[in-house]
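Undergrad: Would you mind keeping the following structure in view while I ask a few things?
The values are calculated or read from the model by the stated rules, or taken from the named source; none is laboratory data. Only a predicted model underlies this, so the values are computations on that prediction, with no experimental measurement involved. In this analysis, Cβ positions are derived from the backbone assuming ideal geometry, glycine residues included, and neighbour counts consider all displayed protein chains. Note: areas computed on protein heavy atoms with side chains; ligands, DNA, RNA excluded. Shrake-Rupley method; radii C 1.70, N 1.55, O 1.52, S 1.80 Å.
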Amino acid sequence: QVQLVESGGGLVQPGGSLRLSCAASGSIFSTMGWYRQAPGKERELVATFTSGGSTIYANSVKGRFTISRDNAKLTVWLQMNSLKPEDTAVYYCKAVTIVGRSHWGQGTQVTVSS
């Protein structure tokens, strides 16, 4: 049974930093990444590893967010710096198994506000 456990969300002031983590278990994964969904908006890609090991970032977070992972490729982190109010959203971890099945974490709230 695939499980994705996220942690690290919270309330932070503009300009601050947060680090999200996602621990996966129960399968072998080809890709893992982070998405977010703000109120009234569609879920969007934030950052992800591709199956080839490269990274893709949303233009809105380039230079501020960094995705990383452990060697076993079962944990991914999202370091978020210089946070802005528009980064406020529920952040979801997504993992895709080697047979192409997608799994989502439960989501963690990130609120950027003074």
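Undergrad: Multiply the residue gap between residue 17 and residue 42 by 0.36 nm, knock off their C-alpha separation, and tell me the result in nm, one decimal place. Kindly include the intermediate steps, with their values, before the conclusion.
TA: Values: separation 25, 0.36 × 25 = 9.00 nm, distance 2.38 nm.
Extra length from residue 17 to residue 42 when fully extended: 6.6 nm.
Undergrad: Then there is this: Please name whichever of 75, 100, 113 sits farthest to the positive end of the charge dipole of region 68-114, dipole taken about the Cα centre and charges placed at Cβ: Lys and Arg +1, Asp and Glu -1.
TA: Going by the charge dipole, the pick is 100.
Undergrad: Here's a follow-up. Mind checking which of 34, 53, 16 is farthest towards the positive end of region 1-112's charge dipole, using Cβ charges of +1 (Lys, Arg) and -1 (Asp, Glu) about the Cα centre?
TA: 53
Undergrad: Counting Lys and Arg as +1 and Asp and Glu as -1, what is the net charge of the other residues whose Cβ lies under 10 Å from the Cβ of residue 22?
TA: Numbers: positive: 69, 94; negative: 6.
Overall, the nearby charge balance is +1.
Undergrad: Within region 1-60, list the GluC sites (Glu not before Pro) lying in a DSSP loop whose Cβ has at most 16 other Cβ atoms in a 10 Å radius. All intermediate terms of the calculation are to be shown ahead of the outcome.
TA: Details: sites: 6, 42, 44; in loops: 42.
Those that pass, being in a loop and sparsely packed, are 42.
Undergrad: Hey, what do the phi angles of region 97-114 turn into as Karplus ³J(HN,Hα) couplings, whole Hz, using 6.51/-1.76/1.60 and θ = phi - 60°, x for Gly and Pro?
TA: For region 97-114, the Karplus curve yields 6, 5, 9, x, 8, 8, 10, 10, x, 7, x, 9, 7, 10, 10, 10, 7, 8 Hz.
Undergrad: Around residue 30, which amide H atoms from residues at least 5 apart in sequence, or from another chain, sit under 5 Å from its own amide H, with H modelled in the peptide plane?
TA: Long-range HN contacts for residue 30: 96, 97, 98.
Undergrad: Also: Please figure out what share of the DSSP beta bridges in the chain is antiparallel and state it in percent, rounded to the nearest 5. If you can, show how the numbers build up before the last one.
TA: On the way: 37 of 40 bridges.
About 90 percent, rounded to the nearest 5.
Undergrad: Output wanted: per-residue J couplings in Hz (rounded whole) for region 24-37, from phi through Karplus 6.51 cos²θ - 1.76 cosθ + 1.60, θ = phi - 60°, x for Gly and Pro.
TA: 10, 8, x, 6, 10, 10, 8, 9, 9, x, 10, 10, 9, 9
Undergrad: I've got another one for you. For region 19-34 and region 49-114, what is the separation of their C-alpha centers, rounded to whole Å?
TA: When both Cα centres are located, 10 Å separates them.
Undergrad: Moving to a separate point now. When the convex hull of the C-alpha atoms of region 1-66 is computed, what volume per residue in Å³ does it have? Walk me through the intermediate numbers first.
TA: Numbers: hull volume 7.9 nm³, N = 66.
Each residue corresponds to 120 Å³ of Cα convex hull volume.
Undergrad: Which whole-number percent is the relative contact order of region 1-68 (Cα, under 8 Å, 6+ apart)?
TA: Details: 83 pairs, mean separation 14.7, N = 68.
In percent, rounded to a whole number, it is 22.
Undergrad: With a 1.4 Å probe and all protein chains left in place, how much of the accessible area of region 53-114 comes from carbon and sulfur atoms, in whole percent? Don't skip to the answer; put the middle values down first.
TA: Working: 1560 of 3260 Å².
Taking all protein chains in place, region 53-114 shows 48 percent carbon and sulfur surface.
Undergrad: From the mean inverse distance of alpha carbon pairs (Kirkwood) and the Cα radius of gyration, derive Rg over Rh for the chain. It would help to have the intermediate numbers written out before the result.
TA: On the way: Rg = 13.4 Å, Rh = 14.0 Å.
Reported Rg/Rh (Cα atoms, Kirkwood Rh): 0.96.
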